[in-house]
Amino acid sequence: MSKLHRLAGAAAASAIMIGTLAASPAAAVTPPELPVAVQGACSGTATDRVSVVVDKGYIRTHYYKSSSVVKTVNRGASLAFFEGVRNSYGNEWFKVQYSDRTNDWCGWIYTGSVWWED
């Protein structure tokens, strides 16, 4: 399966998850309660891995650009992927976990900052 196809599938799955596939942008469904990122492992099971493709990727507490940064990661960092969600502005975000030798950080990263690993 191509990376582009997998990415489109994740976006469609997240749209289904919050029920906005058939809704117009003006009638967007309110997203689920904002998740809080915590230092530590994400709950659930990672289903894939993504790599940071921008110079600096920002893992945030919520799936909005205005939320606090939990961890800044550099280009090439590998992140465990848990789920995708579309916020009320229509932006796609991924719930990810970054781990180094001593810590884990769980949070949300904008999809434009990452790409699927092979």
Qualifying chymotrypsin sites (Phe, Trp or Tyr not before Pro) for segment 38-118 [loop in DSSP, other Cβ within 10 Å: at most 11] | Tyr89
Amide H of Arg49: which non-local residues (sequence gap of 5 or more, or other chain) have their own amide H closer than 5 Å, using H built in the peptide plane?
-> Phe81, Glu117
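Every read-out reported here was derived from the displayed coordinates using simple, explicitly stated rules and does not represent laboratory data. Only a predicted model underlies this, so the values are computations on that prediction, with no experimental measurement involved. Positions of Cβ are backbone-derived with ideal geometry, glycine not excepted, and every protein chain shown enters the neighbour counts.
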